[in-house]
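Just below is one structure, and these are the notes that go with it.
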Amino acid sequence: TGVRRFAHSKHFKFDIFLHQAYGVQRKSFRILTRPIFPAQDFVSRLISNNEAWAEDNQGNLPIHEDIKPLGLCEGKYPIVLAKHNPERVVLAKWLPPLLQSTKLELIYSSNHHGRSLEMFYRCCSAARHTITIMEVLGTDTVIGMYATQTWHNNPDGYGDGECFLFRLTPKPECFKYKVGESHLTSFDSGELENVSRLDDAGQLMISSGAFISMGVGQGGASGLRLNEDLTRGSTSKSIGFDNEELIAEGVEVFEVGLVEVYRFIREVDNRPVDKVDPWRGMFD
């Protein structure tokens with residue numbers, strides 16, 4: 001929400017929030033008219049009263065000016081594609097403010113978990129927000145995608161407008177979904193074609209037993225797609241992202257090297273930001 005985004009910016013003044021919510025003066029800590037611990041409905045009302053302003057101004061909400069690299073959680077398997085600070089600084093800049101001060105935890109590696117979508121889905125089942133990074137064999141290119149919902153078998157589409165595609169190396173660049181714009185996109189060397197946009201961005205992630213993909217292009221193409229054994233991929237211009245070629249001009253199909261998926265861990269308590277219960281709803 002807008003309030004959550006603002007609360008994670010450097011311009012959030014905790015003293016002001018403390019005074020409004022708890023009725024406490026910073027220097028004297030004198031209790032005013034309200035109890036020191038206000039009721040939950042009062043805090044909820046305080047947030048609701050500021051939500052409209054935060055939503056209207058979220059495009060101007062400042063993020064952390066001094067971006068530091070995402071941290072790393074040392075686990076059973078070594079992190080390879082995001083082990084260097086420069087790459088993790090770039091990723092932090094692209095992420096929503098809520099995730100910029102987190103640590104990366106490796107939850108899937110094709111080197112250790114094997115190459116199958118079944119294992120990919122299983123490893124991702126307990127995480128909502130993830131970063132998937134992959135090598136392009138025969139090049140020095142590393143590309144990937146940020147997902148805002150749990151990867152699972154769903155060919156009908158899911159995700160939202162905060163998903164994005166990126167090239168990590170060389171020449172890092174992020175391609176974010178442009179909500180509410182009419183996209184005029186050229187998918188070939190001919191004249192521009194008017195391609196209708198996805199109104200609710202609800203089909204940015206499409207996955208099945210045969211592939212995973214992000215971004216919808218012309219003729220069933222995807223912004224980024226991996227096949228069922230994660231050995232071959234394809235990329236093309238996609239509606240909403242308006243991305244250029246992720247690898248190189250004219251390169252749409254590629255062989256995939258190492259694939260890694262990360263979830264986000266809070267620094268304060270080393271717990272997942274958004275742990276998902278994989279059994280929830282299964283027996284409803």
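The values are calculated or read from the model by the stated rules, or taken from the named source; none is laboratory data. What you see is a predicted model, and the numbers here were worked out from it, not measured in a lab. Backbone-built Cβ (ideal geometry, glycine too); neighbour counts: all protein chains shown. Note: areas computed on protein heavy atoms with side chains; ligands, DNA, RNA excluded. Shrake-Rupley method; radii C 1.70, N 1.55, O 1.52, S 1.80 Å.
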> How much length, in nm to one decimal, is gained on full extension between Lys93 and Asp140, taken as 0.36 nm per residue of separation minus their Cα-Cα distance?
Replying inline: 14.7 nm
> Given H placed 1.01 Å from N in the peptide plane, which residues other than close sequence neighbours of Val216 have an amide H under 5 Å from its amide H?
Replying inline: Gly223, Ile239
>> For Arg271, what accessible surface area do you get with a 1.4 Å probe? Give it in Å², rounded to 10.
In response: 150 Å²
>> Please compute the length gained on full extension between Lys83 and Glu252, using 0.36 nm multiplied by the number of residues separating them and subtracting their Cα-Cα distance.
In response: 58.1 nm
> For Glu105, what is the net charge nearby, where nearby means another residue's Cβ is under 15 Å from its Cβ and Lys, Arg count +1, Asp, Glu -1?
Replying inline: +4
> Cα centroid distance between segment 119-154 and segment 197-266, in Å?
Replying inline: 10 Å
> Under a 5 Å amide H to amide H cut-off, with H placed in plane at 1.01 Å, what residues pair with Arg232 once short-range neighbours are removed?
Replying inline: Asn227, Val256
